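Asks: Structure below; questions to follow.
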Amino acid sequence: MLQQLFSPSVQHTLDIVGIFVFAISGALLAVRKNFDVFGIAVLAEVTALGGGLFRDLVIGATPAAFADLGYFLAPLLATVLVFFLHPEVERTQGAVNAFDAAGLGLFCVTGTTKAYDYGLGLTASAVLGMATAVGGGVLRDILANEVPSLLRWDRDLYAVPAIVGAAMVALCIRYEVLTPLTSGLAAVTAFVLRLLAMHYHWRAPRAWNRRSRVAEEDLLSPDPSSAG
Amino acid sequence: MLQQLFSPSVQHTLDIVGIFVFAISGALLAVRKNFDVFGIAVLAEVTALGGGLFRDLVIGATPAAFADLGYFLAPLLATVLVFFLHPEVERTQGAVNAFDAAGLGLFCVTGTTKAYDYGLGLTASAVLGMATAVGGGVLRDILANEVPSLLRWDRDLYAVPAIVGAAMVALCIRYEVLTPLTSGLAAVTAFVLRLLAMHYHWRAPRAWNRRSRVAEEDLLSPDPSSAG
Amino acid sequence: MLQQLFSPSVQHTLDIVGIFVFAISGALLAVRKNFDVFGIAVLAEVTALGGGLFRDLVIGATPAAFADLGYFLAPLLATVLVFFLHPEVERTQGAVNAFDAAGLGLFCVTGTTKAYDYGLGLTASAVLGMATAVGGGVLRDILANEVPSLLRWDRDLYAVPAIVGAAMVALCIRYEVLTPLTSGLAAVTAFVLRLLAMHYHWRAPRAWNRRSRVAEEDLLSPDPSSAG
């Protein structure tokens, strides 16, 4: 049983914080898309809980999202906050991005350890840990009828920090050095990598010899409804 | 074992009716999107069975959609009907909407009780009951590459009647008064609320101090392919 | 235990080949949509493994996609190939289409037998077998924010060959004549039907008395980013 890296209450608090900041990003996109208050709540819930729900369905665990009331209430709190104060929340976009990066780091670590606890191999655990961290954002963009920002070349690196964090956890498990310290280090590494990617606008390369110029201009043209 | 609210055959008939009318709404959207006959069948099946499939995956039950042949055949019947008679079916849109409201009321009740039967808490059961009722429509809109009408501010209330019905069932379970009568009452309440929402065009508020006018005009402009 | 139609190593090799060619189709769409290298990898993985993952979630099996490292690595190999050589790969589109048809034939057969092994009825097994074969492509198109080509009337038949193959397997099970030979025959039938559908541009009919001309023109207008 690897999962008790931190004391249960510390772990739970970290989970709630991660869920809350992911929910903020979903709620803000919903406001930009002009959804009503229920649409904001749905997008906040899906963004915050979707990645963990996917992980739990794959490993056959009782979905944490439906087992813990706090997991369900945190996105509602984010909805209320964004509903009434969204210009203020958007003004603090830098802080939201930093929290989102923290959620990314935390979820790739807890996702990997939980998957390994349920019997997956090391590589599969790391992949599922990464999917836990990025899955909610992908579902958010699908519901909002946008190309997932995870896939777009014109967005700063998001998957790579999660991959690095998840791989670090898998390596720690492999060499039997997974402790609160080392998994905390993995989470912080993913967190810092994401902050650096945003600050320096690190981007991943596209395929060599691209020829589909039209698609590119399409993506470059200003799209006010999805501007981040 | 709460689930046997009605006699099994009554329950089964109600389920089939709900599945059938949901399938009609999927098939009609497929015709509007100009899909071929297989696209119509796929959209009918997904709309009718998607919400229940999601519920069964979350609670770990054998998906009813793959256990009961009638559940699979009802959407095919809806497909044939819409394929040959869709102008006539669209002319009866009022009747279809009323049946869809009935399906909404029924599914939020049966979804909540089934989720509780499988060990979820009261709040989680109500949430999953609501998801059962609205999930198929969300999947329908995702497959049709449209913003889910559940999330859009310019559509009449759809989630709220389902939430009310599911919450009534959860309260009845809490106070141990869940009987065929009280759950029937919950279904009827959701049904009537949805009818009223359509008749009076009840809508939910959007976020305060919206500034994203462009997105709004976007949504207001006539879009013939998705006009309801 | 029907599933051991072929020797395990032959079965495994066929699976890997099917996964690989499905991954190629996902990676090529990602390049056309101008995704970065991680987007290409995600779309390759989802296209190749999505159908089988859906099947395994429904029947409650441990997802093969997370149990076998080869299943995960084959799409990464496809990603590398498409990343560096995509003009060459696109020039061999005919070969890719033929391999994709082979994957379709193989997956509808193995999907149906696996579903039956896990206790589903014959009709449900055939439906899930077809869903296994076409599911990855649907998820690919949803992630790429396009109308699934499975549903569009202006694409050559894709679901029908898979339905025929899956139905043949179900009939063989029903009459207790499922052998490596007969299931091979079912796979080849689906494969050849798909090749013929592409060669002769077989298409399915749309609903009678369509009136939504606008949507039609919409679909007919050239869309360079999704041109197959």
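Asks: Might you work out the accessible area of C:Lys33 for me, using a 1.4 Å probe with all protein chains in place, and round it to the nearest 10 Å²?
Replies: Approximately 30 Å² for this residue.
Asks: Which value, in Å² and to the nearest 10, is the accessible area of B:His12 when all protein chains are kept and the probe is 1.4 Å?
Replies: My reading of the accessible area for B:His12 is about 70 Å².
Asks: Leaving out ligands, DNA and RNA, calculate the buried accessible area for the pair C and B with a 1.4 Å probe, summed over both sides, in Å² to the nearest 100.
Replies: So the buried area, both faces added, is about 2700 Å².
Asks: With each label point set 7 Å from Cα along the Cα-Cβ vector, what nm distance links A:Leu171 and A:Ser7?
Replies: With each label placed 7 Å out from Cα toward Cβ, I get 3.1 nm.
Asks: Which value, in Å², gives the accessible area per residue of region C:8-204 when a 1.4 Å probe is used on the protein heavy atoms?
Replies: On the way: 7170 Å² over 197 residues.
Roughly 36 Å² per residue, with all protein chains present.
Asks: Let me ask something additional. Which lysines does B:Lys114 reach when only Cα atoms under 30 Å apart count, and residues fewer than 8 places away in its own chain are ignored?
Replies: Counting by Cα, and skipping residues close in sequence, B:Lys114 has these lysines nearby: A:Lys114, C:Lys114.
Asks: In chain C, which whole DSSP H runs stretch at least 15 Å along their own axis (Cα) and average -1.0 or higher on the Kyte-Doolittle scale?
Replies: Membrane-span-like by this criterion, though nothing is claimed about a membrane: C:8-32, C:37-59, C:69-91, C:93-117, C:122-143, C:159-174, C:180-200.
Asks: Pop out a list of residues from region B:70-90 that are at least 40 Å² less accessible with all the protein chains around than in their chain alone; 1.4 Å probe, no ligands or nucleic acids counted.
Replies: So the qualifying set is B:Phe72, B:Phe83, B:Phe84, B:His86, B:Pro87.
Asks: Take every Cα-Cα pair in region A:8-205 and report what % of them are more than 20 Å apart.
Replies: Of the Cα pairs, 53 percent sit more than 20 Å apart.
Asks: With viscosity set to 1.567 mPa s and temperature to 4 °C, compute the Stokes-Einstein D of the protein assembly as shown, Rh being the Kirkwood radius across alpha carbon pairs; µm²/s, no decimals.
Replies: The Stokes-Einstein estimate is 51 µm²/s.
Asks: In deg cm²/dmol and to the nearest 500, what is the mean residue ellipticity at 222 nm of the protein assembly as shown if only DSSP H runs of at least 4 residues count, each as -39500 (n - 2.57), divided by the residue total?
Replies: Values: 24 runs with 489 residues, N = 684.
The helix contribution divided over the protein assembly as shown gives -24500 deg cm²/dmol.
Asks: Charges at C-beta only: +1 for Lys and Arg, -1 for Asp and Glu. How large is the resulting dipole of the protein assembly as shown about its Cα centre, in Debye rounded to 20?
Replies: In total the dipole reaches around 380 debye.
Asks: Calculate the mean, over all residues of peptide C:145-156, of how many other protein chain Cβ atoms lie within 10 angstrom of the residue's Cβ.
Replies: Per residue, the number of nearby Cβ atoms from other chains is 5 on average.
Asks: Give the residue from B:Phe99, B:Leu69, B:Thr179 lying farthest towards the positive end of the charge dipole for chain B; charges sit on Cβ (+1 for Lys and Arg, -1 for Asp and Glu) and the dipole is referred to the Cα centre.
Replies: Toward the positive end, the furthest listed residue is B:Thr179.
Asks: For region A:46-154, what relative contact order do you get, as a whole percent, if you take Cα pairs closer than 8 Å and at least 6 residues apart?
Replies: This gives 36 percent for region A:46-154.
Asks: What order do B:Thr182, C:Thr62 take when sorted by accessible area (1.4 Å probe), most exposed first?
Replies: Largest accessible area first, the residues go C:Thr62, B:Thr182.
The values are calculated or read from the model by the stated rules, or taken from the named source; none is laboratory data. These numbers were taken from a predicted model, which means no experiment stands behind them. Virtual Cβ from ideal backbone geometry, glycine too; neighbours counted across all protein chains shown. Side chains included, ligands, DNA and RNA excluded: accessible areas come from the protein's heavy atoms. Shrake-Rupley method; radii C 1.70, N 1.55, O 1.52, S 1.80 Å.
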